[in-house]
Every structure is written in structure tokens, then in C-alpha cells.
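Accompanying notes for the structure given below.
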Amino acid sequence: MSRHKNIDYNQKVLEVRNLYQHFKVGTGSRKLVVKAVDGVSFDIYKREVFGLVGESGCGKTTTGRCIIKLYDITDGTIKYNGRIISAGLQGNKYRIRKAKLARKNEITEHRPLAKKIKNIKDEANNEIVLMNAEIEKLQKQQENEIIRINKIINDYEEKVSIALHAFESKRNKVRLEEKAEIDRIRQRDVLDLFRIYNKTLHLIEQKSKSKIAYIKGLPIPENEKIERLAEENEVHKENIAQTIDRLINKLSEVSPDILAQYEDQIRQGHKIKFKPEVNLKDPEIVEKINAVKVKYQKIYEQLEAEHQVEIAKIDENKPDKEALENEIKQLKLSTAQKIKEINAKIKEINQQAKQRINEVKQHAKDHPELYVDNLEEIEKIKQKYQAIIDEEKRQLKINRYYNKLKETPEEKAERIRKLKQLKEEFNLFKQKALARGESKEVIAEEKRKLKKKIKEINAQKPSYARNMSTMQMVFQDPISSLNPRMTVREIISEGLVVRGERNKAIINEKVNRVLELVGLSRDHASRYPHEFSGGQRQRIGIARALVVDPDLIIADEPISALDVSIQAQIINLLNDLKEQLGLTILFIAHDLSVVKYFCDRIAVMYYGKIVELASSEELFANPLHPYTKALLSAIPHPDPDYEAKRVRITYDPSVHNYLHDKPELVEIKPGHFVYANKEEQAKYKQQLGIE
């Protein structure tokens, strides 16, 4: 482990142990459990930047959200600054259910009658499981066959639909061409251009007036108002100029004569009152329009003929829809009959099992001496498993206190004991002081010390606001993570308000300080998120995290939604803040080149598991796991010659043989952990030259 000079390896800020986060999706037979995080463990030390990397969907963001308590974790524990803040309840519940089932099975082994009945039921259930599997197989075959038949029908209908759509598209295109040609004769195209132009001018004016009224009503200094009004005026002029240029370009293509007639008015930004000068009753105009209609009528007839030829070609392979539908009907009847026969067999097996159980029960009645329970062993089993269940229930109860960040009964008792001891010591001191004739000032001073110690002990009592506000998160999307209805001041100060700060002067002072710290102006505090660029919004998100003086910041891909140049600015900012404030950071990313520059240690995640963990230098110098090598090979290089020759490694999970030799996260060399079985461990050690 390469020791960064500022990292305190004696103080753990975060300890994650066996973290599981599973999500249940679907219902009934389609119910699935998605193992988003599957047994993750790591520590983060004071002033360390710990990188968590992997492809999208590997569980790194879910891990971050579990740590900050956005999810109730399934199993495992998360300890922050020496105190457990999250503990999985589902793990305890699962172990209780497992212990009860194991107890029941072991007790059955010492009850002859129950054992025989269980064996009969198990035999019947094994047969029924096989038959239910056969039913599922038949249903799947039926489903696949119906899909195949429907595909034949659908493919034909799709070809007809595509041909019709292509014909309609061509015909509509020709209609638009015909309309455009007639409109050109009637000067309707010019009229439409002027209408759009006049409407656009009106909208620009309305928008500008609304923005000016908004700026004038803002509670900001007058000089800033003047500056923002001037900016709005420039934007307004630019919009008008663009609208004028668009109209002139269009008119130069459509009708240069009309452009020459109206160009001066257009360039002055005036609205144009235009009336077509064409006489639609003029025989020459009527003749031109009729000629256009005749021309396009021939085109329509040609398109129709081509469409009919294409449809005839498709109909050559037209399926017999009625016959195919009958085939589906017969298939359903046949499958239903087979399933009915299997269900009848299942019913027969159940009846036979029931009959055999009744016979065994009758035999037990007739020969009770053969079915004597081993009560001594049963009692031992009950006691053994009751101890396990009681311990899990006790831990479950404690975990509920941890999750609510409340004192456990043991912690509360210890705190009360300390307070009681302090008061007894003070009373004893007071008695002795009075006996010695000490002055009231001495007793009063001792009482002040007592109150101070009591305050310190009570301050250690866990509180959600106090404990969790020192852990902050910078989210991936700088747009959706900021409330559009709140000003920057309100967004940043929210953490202070949650902690109980009510003094507006102190709040404003802290907000202004962190704004300047992240490279923004104090004047930005009165603005709204939509008035900032993506990089500025991310700086606001960082300022929101810093305002409460956090011990840990979880940066969840804070640069992935930003441009490359802005990414560099945000990384440099975080790097400066890390050195300046001594921050501890969990940095989640998928770009290993960024993580190498910024992080002290890196954990690589794949499908909810950490597959490799090492210092930044060690991971890049000696990658061991095939997935890590694949990620490293994906890093692009700025040199085009090198990039053209770069060999990409594709990770194939099937290279691992974990059927019998199960893998685990082991330390191959000091500070370098890898997820491997015994065979792979030996190979990695040989690769590193370790005996």
C-alpha cells in the first residue's frame, strides 16, 4: 500500500462489511432477485480518496447510495466514524428462518413417525416436481410454436404495411411538391414566409418584455440589474438579426423580385404587410395551374401502378391465415390434453402418498414401541437452535436502533451510568468541600466542570442530523440534482437548516464562503439553477456538500455528464479542495484514467462484487484480474499512432472455473486484493514473483 503523506491510516472514516443490496422485481413465477451489491467490504481512511470503478450496472452507484442511507441495505454493516449507521435486517431474518427450518429437519430425524411421513412426502414431491417441469416444457413448446406461426402471419402483414407506408410517403412527397409549385404561381409561399416572420418578431418582443420585467423585479443591486438588462438587450438584437437573415435567405431562393421590393423594410426589423398580386382568374394563371395538376396526375398514376406490382409480388408468398389459425387452435387443444393427463398423474401420486401416510399412522398406532421419539436429543436440538435464533433476534433489535441512529438499550444504560457516576463524584466532592470549609466559588467551579462533562457525554448521543450531515453526496447529474424552484442560496443552505442553524447572517456568510471556495461569485447566490452552465451547476452541487464541513464526500460520477474541458476543471477543483480542506472522498467513476490521477486506492467492481482492490500505482502497474485488464485496455490514448495499434481485451467470465473451488477476495500481496479461487491465487502469486 503506497502511503500518501496526508492520509491517516490509523483512523478509519468508513468501514463497509459484507454489504448486500438486493432488489426484488416481478411477481409470482416471474419474481427475480437482482443482486446489485453482493458482499462488498472495504475501508476508507482519513483524508484518503478511494476510487470505486466499473462499467455501468456494476453496483458502484448503489454502493454509494447505500452508504448515505438512500437505501435500506439487505445485509451487512456500514460503520461511519466508529459508529454503525446501517445494518441489514433481511440477513438476520433470513438466518432466523434458516435456523428454524434446520431445527425442524433435525428434530424430524429423531421422530420415527414424522421421519417416515417426511420421506413419503419427499418422494411424492420429487415426482411432482419432475411432472411440473414437464408441464412447463409443454407450455414453453406451445408458446414457441405459436410465436413461430404468428411470425409467418405478421411477417406478411408487415411487408404489406411497409409497402403501403412507402407508397403513402412517396405520394405525400409528390403532393407537397405539387402544392409548392402551385403556391409559387399564386405567391402563397411568399405569404407564408412573411406570416412566419411577423409571428417570430412578435414572439421575440414578448419574450424580451417578459425577461426585462423579471430582471427589474429581482432583489439584486442596481448595477447588476443594469448589466443583466444590457445582456438581455444584446440577446434581443441578436434574435432579431437572425430572424431577418433567415427571411432574406429564403426570399432570395423563392422570389428575388419580392425581396428587392421589401428588403429595406425587412432590414429595419419592421413587420411586413404583404398581399399576393396574382389574379387567380387570369386565364394564363389558370392554364399554368391546370398544367401543373395534369403533370402530377400522371405521377400519381405511375406511383399507383408501381405499388400494385409490389403488392402482387408480396402476395406470391401470402400465407393461408385461416389454416395457420386452425393449427394454433389444434396445438392448444393437444397441449391442454397432455397437461390434463399429467395433472391426473399428479393427483394420483398425491392420493397414493396420502394412503401410504395413513397406513404408516395406523402402523404407529398398532406398534407404538417402534415409533418412540428421542426426547433427549430433541431437547438438545431445541436448545442449540433457540440460542442461535435468540442471538439473531437480539442483533435484529439492535440493528433497528442502528438504522434509526438511536441509542441501543446497552448504550443508553452506559450513558446513564456515566452520568450517575459523575453526579455521585460531585456530591462526594461537595460533602468533603463543605466539611473542609471550602468557599462556594470552589464548589461552583466544580459544578461548572460537571455540567461541561455532562454536556460532552450527551453530545455523544447519536442523532440523524448530526451524524449524517457530515456525510455528503455530489450527484452524477448536475441538472436534476438541483431544485429548479430554489435559489442557489436556498439550495446550498439546506444542509445547515437541517442541522438546526437559524441565524440568517451565519447562513449567508457560510454560503458566500463556499461559493468563492468552488470558484463562483457571491452574486450567484440569488440566481436559479437554469441560469448556469453544466460545470457551474456541478460546482453548486459541490458547494452544497462542503457547506456543512463534511468528514466524507461521496462523489457519484460527478464529471460523466460534462464536456471534457469542464471535466478537467471539476477534477482540478476537487483535487485542490482535497488538499486545502483535508477531505475524505469516495470517488465513483467508470473512467480509469481520471481515477488514476485523482485517487489513492482503487476498487474495481463487476456484477456487484469487488474483483480487485489496490493502490492506484499498484493497480496500473500490476493488474491481476482479467476484468481489470479489460478495463485498462479500454482507456483511449491521445496519440493516434498508438491508438491505431492499441489492443482491446474483452473480458469473458467463462474463463473462471468456480464450480467446486469457490472464489473470495484475498490479499495477494500487502495492500493488493483480488477476487480469486485457490488455483487463481497461485497463478497470480507466480505472476508477481511471490513464493
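Here are a few things to note about the model shown:
- The set of residues from region 518-561 being of a type in the set (Lys, Arg) and either part of a strand (DSSP E or B) or crowded, with 16+ Cβ neighbours inside 10 Å (or both) comprises Arg527, Arg537, Arg539, Arg544.
- Taken over region 20-32, the criterion of being open to solvent by 20 Å² or more (accessible area, probe 1.4 Å) and at negative phi is satisfied by Tyr20, His22, Phe23, Lys24, Val25, Thr27, Ser29, Arg30, Lys31, Leu32.
- Only one of the listed residues (Ile585, Ile571, Ile610) is among the β-branched types (Val, Ile, Thr), open to solvent by less than 60 Å² (accessible area, probe 1.4 Å) and not in a strand (DSSP E or B). That residue is Ile571.
- When we screen Glu341, Glu424, Glu359 for residues that are modelled with pLDDT under 90, part of a helix (DSSP H, G or I) and over 37 Å from the mean Cα position of the chain (by Cα), the only hit is Glu424.
- Residue pairs meeting the criteria (Cβ under 6 Å; at least 6 apart or on separate chains; first closer than 14 Å to Val594 by Cβ, in region 628-639; second open to solvent by less than 40 Å² (accessible area, probe 1.4 Å) and assigned to a helix (DSSP H, G or I)): Leu631/Leu592; Ile635/Leu592
- All of Ile454, Ile553 fail the test of being modelled with pLDDT of 90 or more and closer than 29 Å to Thr408 by Cα, apart from Ile553.
- Lys46 satisfies every condition listed in (1) touching a residue at least 40 places away in the same chain (Cβ under 8 Å); (2) surrounded by fewer than 16 Cβ atoms within 10 Å (Cβ to Cβ); (3) touching a strand residue (DSSP E or B) at 6+ places or on another chain (Cβ under 8 Å); (4) among the charged types (D, E, K, R) except (2).
- Pair list, Cβ under 9 Å, 6 or more apart: region 13-42 residue farther than 20 Å from Gly57 by Cβ, other residue among the basic types (Lys, Arg): Val13/Lys46; Val13/Arg47; Leu14/Lys79; Glu15/Lys79; Arg17/Lys79; Lys31/Lys24; Ser41/Arg17
- The C-beta contact set for region 159-172 (first residue assigned to a helix (DSSP H, G or I), second residue of a type in the set (Phe, Trp, Tyr) and surrounded by 12 or more Cβ atoms within 10 Å (Cβ to Cβ), distance under 7 angstrom, 6+ apart or interchain) comprises Arg171/Tyr300.
- Meets criteria (part of a helix (DSSP H, G or I) and open to solvent by 80 Å² or more (accessible area, probe 1.4 Å)) for Glu277: no
- Exactly one residue out of Lys35, Lys12 is open to solvent by 80 Å² or more (accessible area, probe 1.4 Å) and in a strand (DSSP E or B): that is Lys35.
- Within region 566-583, the residues that satisfy the criterion of being out of contact with any helix residue (DSSP H, G or I) (no Cβ under 9 Å at 6 or more places or on another chain) and under 15 Å from Cys599 (Cβ atoms) are Asn572, Glu579.
- Residue within region 509-517 that is part of a helix (DSSP H, G or I), open to solvent by 20 Å² or more (accessible area, probe 1.4 Å) and β-branched (Val, Ile, Thr) present: no
The values are calculated or read from the model by the stated rules, or taken from the named source; none is laboratory data. This one's a predicted model, so the numbers in the text were calculated from it and none came from an experiment. Don't worry about glycine lacking a Cβ; one is built from the backbone with ideal geometry, like all the others, and counts go over all protein chains shown. These area figures cover heavy atoms from the full protein model, side chains too; ligands, DNA and RNA do not enter into them. Shrake-Rupley method; radii C 1.70, N 1.55, O 1.52, S 1.80 Å.
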